[in-house]
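*Asks:* Structure incoming, see below.
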Amino acid sequence: MAAENPSDGISTRSIHVLDGTAMLFRSYFGMGKFRSPRDLEVAGVMGMGQTLARLYRDLRPQHLTVVFDAAKLNFRHEIYPDYKANREAPPEDMTHQFDLAARLVDELGFPFFRILGYEADDLMATMAYRATKAGVKVVLVTPDKDVLQLVDDNVEVLDGKGSPVFDAAAVEKKLGVPPHRVVDLLALAGDSSDNVPGVRGVGPKSAVALIQALGGLDDIYENLDRVPELAIRGSKSLAAKLEAGRESAFLSRRLVVLDQEVPLSDESLTLGSLRWRRPKPSADAFFDELGFHGPLRTLRAI
């Protein structure tokens with residue numbers, strides 16, 4: 001992440017990074033049905049376009065980009081083949097909308113990223129890491145709680161529904177642990193949405209109590225002898241559950257830690273490259289194909 005020139009005032013700059021995959025799924029399941037003039041289902045793309053245009057209109061960020069999952073399988077499946085195995089395949093009338101969503105973002109004039117083998121969350125983590133090193137503020141727009149692990153003095157999270165931004169205090173209020181302990185919480189309690197196993201018999205409340213009393217995952221396993229004496233419901237049997245689930249806990253931590261080293265070129269992450277460039281001339285024809293023009297009209301009115 002770099003400024004266009006040394007006098008660019010990078011310390012006062014900020015970027016918004018939107019999770020396009022999550023936005024598309026949310027729109028698909030929340031919009032009902034809408035078919036294009038070519039009889040393609042495009043309600044998910046339509047809802048995503050409306051959300052993107054509204055967010056830009058309302059927030060007016062200096063710099064904004066959208067990130068997508070590249071494919072269903074990624075490096076986490078090599079670690080744990082059952083990662084996200086509980087999820088059904090996208091509905092048949094949604095699969096073609098992934099490429100349409102990326103094209104929509106491009107036609108509206110926003111940069112987007114999609115890197116084979118990585119999830120959108122990993123791209124967000126990499127951008128947040130590089131931006132923080134450069135002194136750039138970051139707002140990550142996503143409903144995914146995994147991303148809350150990235151929150152710090154320079155990084156905030158917005159769920160995309162107009163809710164308050166999650167800073168460190170809000171994360172701790174919501175989850176019971178500060179952002180740097182979110183990974184430990186998920187490693188212990190698991191994450192059913194991603195089929196992350198966690199430790200069998202350890203739920204979120206017990207996990208939070210363990211972290212508050214002993215610290216992170218390594219600290220907890222170094223102090224298993226102290227667990228039975230903690231003021232936690234079921235503490236007498238908790239140490240045995242933790243010992244039995246040791247391998248699963250550390251495996252789960254590897255699954256939920258976001259990759260901050262996705263191969264994104266420095267040139268693609270300059271502030272200049274992340275600016276909105278207004279809709280392309282070809283956008284009219286593209287939205288004619290989709291059969292709606294609301295997002296285009298919203299952005300052209302800015």
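The values are calculated or read from the model by the stated rules, or taken from the named source; none is laboratory data. None of the values given here were measured: they were computed from a predicted structure. FYI the Cβ positions are ideal-geometry reconstructions off the backbone, even for glycines, and counts take in every protein chain you see. Quick note on the areas: whole protein, heavy atoms, side chains included, nothing else; ligands and nucleic acids left out. Shrake-Rupley method; radii C 1.70, N 1.55, O 1.52, S 1.80 Å.
*Asks:* Taking the solvent-accessible surface of protein heavy atoms with a 1.4 Å probe, what is the per residue accessible area of the chain in Å²?
*Replies:* Details: 14220 Å² over 302 residues.
Each residue of the chain exposes 47 Å² on average to a 1.4 Å probe.
*Asks:* Can you grab the distance from the C-alpha centre of the range 53-82 to the C-alpha centre of the range 170-219, Å, no decimals?
*Replies:* 24 Å
*Asks:* As a test question: what accessible area, to the nearest 10 Å², does THR270 have when a 1.4 Å probe is rolled over all protein chains in place?
*Replies:* About 40 Å², rounded to the nearest 10.
*Asks:* Report, to the nearest whole %, how much of the accessible area of the chain belongs to carbon and sulfur atoms, 1.4 Å probe, protein only.
*Replies:* Details: 7210 of 14220 Å².
Exposed carbon and sulfur together represent 51 percent of the surface.
*Asks:* Also, I was wondering about something else. Which one of PRO91, LEU214, ALA128 has its Cα pushed farthest toward the positive end of the charge dipole of the chain, where Lys and Arg give +1 and Asp and Glu give -1 at the Cβ?
*Replies:* PRO91
*Asks:* With Cβ to Cβ distances under 15 Å as the rule, what net charge do the other residues near ALA239 carry (K, R +1; D, E -1)?
*Replies:* Numbers: positive: ARG200, ARG226, ARG233, LYS236, LYS241, ARG246; negative: ASP219, GLU222, ASP225, GLU229, GLU243.
Its environment carries a net charge of +1.
*Asks:* Scan [x] 20; [y] 14; [z] 23 for the value of percent of Cα pairs over 36 Å apart calculated from this model and give just the label.
*Replies:* Comparing each candidate, only [z] matches the computed number.
*Asks:* Dipole of the chain (Lys/Arg Cβ +1, Asp/Glu Cβ -1, origin at the Cα centre): which of LEU255, ALA301, LEU230 lies farthest to the positive side?
*Replies:* Final value for the positive-end residue is ALA301.
*Asks:* Separate question: Loop-only trypsin sites (Lys or Arg not before Pro) in the range 84-149, please: DSSP not H, G, I, E or B, and at most 11 other Cβ atoms within 10 Å.
*Replies:* Details: sites: LYS84, ARG87, ARG103, ARG114, ARG130, LYS133, LYS137, LYS145; in loops: LYS84, ARG87, ARG114.
Answer in residue order: ARG87.
*Asks:* Taking the Cα centre of the range 247-292 as origin and charging only Cβ (+1 Lys, Arg; -1 Asp, Glu), how large is the dipole, in debye to the nearest 20?
*Replies:* Details: 6 positive and 8 negative charges, 40 e Å.
It works out to roughly 200 debye.
*Asks:* Separate question: Could you check the spin-label model distance between GLN260 and LYS174? Points 7 Å from the Cα along Cα→Cβ, value in nm.
*Replies:* According to this spin-label approximation, the distance is 2.0 nm.
*Asks:* Treating the angle as unsigned and between 0 and 90°, give the value, to the nearest 10°, between the Cα long axis of helix 120-133 and the longest Cα principal axis of the chain.
*Replies:* Tilt of helix 120-133: around 90 degrees.
*Asks:* Would you mind checking LYS72/LYS236; LYS133/LYS205; LYS137/LYS241; LYS133/LYS174 for any pair whose Cα atoms are more than 32 angstrom apart? Display every interim value, and only then the final one.
*Replies:* On the way: LYS72/LYS236 41 Å; LYS133/LYS205 34 Å; LYS137/LYS241 41 Å; LYS133/LYS174 27 Å.
Flagged as over cut-off: LYS72/LYS236; LYS133/LYS205; LYS137/LYS241.
*Asks:* If I fit a long axis through the Cα atoms of helix 97-107 and take the longest principal axis of the Cα atoms of the chain, what angle between them do I get, 0 to 90°, rounded to 10?
*Replies:* Helix 97-107 and the main axis of the chain meet at about 60 degrees.
*Asks:* Next question, about the same structure. Test of understanding: in a Gaussian network model of the chain with alpha carbons linked when under 10 Å, which of LEU64, LEU55, LEU108 would top the mean-square fluctuation ranking?
*Replies:* Result for the chain, Cα springs under 10 Å: LEU55 fluctuates most.
*Asks:* State the extension gain, in nm to one decimal, for the chain segment bounded by ALA240 and ARG60, taking 0.36 nm per residue of separation less the distance between their alpha-carbons. All intermediate terms of the calculation are to be shown ahead of the outcome.
*Replies:* Details: separation 180, 0.36 × 180 = 64.80 nm, distance 5.24 nm.
Between ALA240 and ARG60, full extension yields an extra 59.6 nm.
*Asks:* Tell me, how many Å apart are the Cα centres for the range 246-292 and for the range 11-40?
*Replies:* Spelled out, the Cα-based centre of one part sits 13 Å from the other.
*Asks:* Sticking with the crude label model, points 7 Å out along Cα→Cβ, report the distance from ARG277 to LEU116 in nm, one decimal please.
*Replies:* 2.4 nm
*Asks:* With the convex hull built on the Cα atoms of the range 30-180, state its orientation-averaged projected area in nm².
*Replies:* On the way: hull surface 42.4 nm².
Orientation-averaged projected area of the Cα hull: 10.6 nm².
*Asks:* On a 0 to 90 degree scale, rounded to 10, what angle separates helix 204-214 from the longest Cα axis of the chain?
*Replies:* The two axes meet at around 60 degrees.
*Asks:* Here's something else I'd like to know. How many nm is it between the label spots at SER192 and VAL165, if each spot is 7 Å from the Cα in line with the beta carbon?
*Replies:* Taking the two extended label points, one gets 3.3 nm.
*Asks:* A further question follows. Tell me which of PRO204, VAL157, PRO179 sits at the most positive position along the dipole axis of the range 139-206, charges placed on C-beta atoms (Lys, Arg +1; Asp, Glu -1).
*Replies:* Positive-end residue among those listed: PRO204.
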